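First comes the structure, then the notes that go with it.
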Amino acid sequence: MELVADASTFLAVVLNENDRDWVVNKTVGQRIISPEVLPYEIGNALIAVKRKGRLSDREVLRALEISQRISVRLVSVNLYDAVKIAVRFNIYTYDAYYLRCCIENELPLISLDGRMCDVAINLGIKVVE
C-alpha cells in the first residue's frame, strides 16, 4: 500500500519526537509518496527548530541527512490546483501540496497536523488514524 506523508511525520521520526513510534508503526511496509517540495520543507522546519534553540548546527545537518535516507518517492503536483485548495481553506500552500498529492494519486494521508487532516477529510481524502 502507498501513503502520502507530510513533513511533520518525517520530522517526528528524525527528531525522535513523541509521535515517532506511531508514525513508524503506521508506515512500516508502506510505500511513501510526497510532493517534490518535501526536502525543502524539512530543511526549513529544521532551521525553525534550531532558531528556537532546540537543535545545534550539527544536529540540524544530521537530522537532514537522516531524513534523506527515508525511502520516499517524490512527485510533482498541479500547482494551480494546490493553490486553489490553499485559498479555499485558508491554509499554507505547502500543506495544500500534500493534499493535492493525495487527490492526484488517490492515496490516504498520514500527518500530525490536525488542521491539514481536517481539510483532508473535508476533501474526501482518507486520513491514517
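Bear in mind these aren't lab numbers, they're just calculated from the coordinates by the rules spelled out. In this text the structure is predicted, and so the values were computed from the model without any measurement. With ideal geometry, Cβ positions are generated from the backbone for all residues, glycine too; neighbour counts draw on all protein chains shown.
Values computed for the structure shown
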read-out: E36 paired with N90, simple spin-label distance in nm, labels 7 Å along Cα-to-beta-carbon; value: 3.2
read-out: Net lengthening on full extension, R58/E2 (0.36 nm per residue, minus Cα-Cα); value: 16.9 nm
read-out: Gyration tensor over alpha-carbon atoms, the chain, equivalent ellipsoid semi-axes in Å; value: 23, 17, 13
read-out: Hits among lysines - C-alpha to C-alpha of K84 under 23 Å, sequence gap 8 or more where chains match; value: K126
read-out: Rounded to 10°, Cα long-axis angle of helix 57-67 versus longest principal axis of the chain; value: 50
read-out: Packing-based exposure ordering (other Cβ within 10 Å, fewest first) of T27, T9, T93; value: T93, T27, T9
read-out: Relative intensity, log₁₀ I(q)/I(0), of the stretch 6-68 from a Debye sum that treats every alpha carbon as a point, q = 0.18 Å⁻¹; value: -0.63
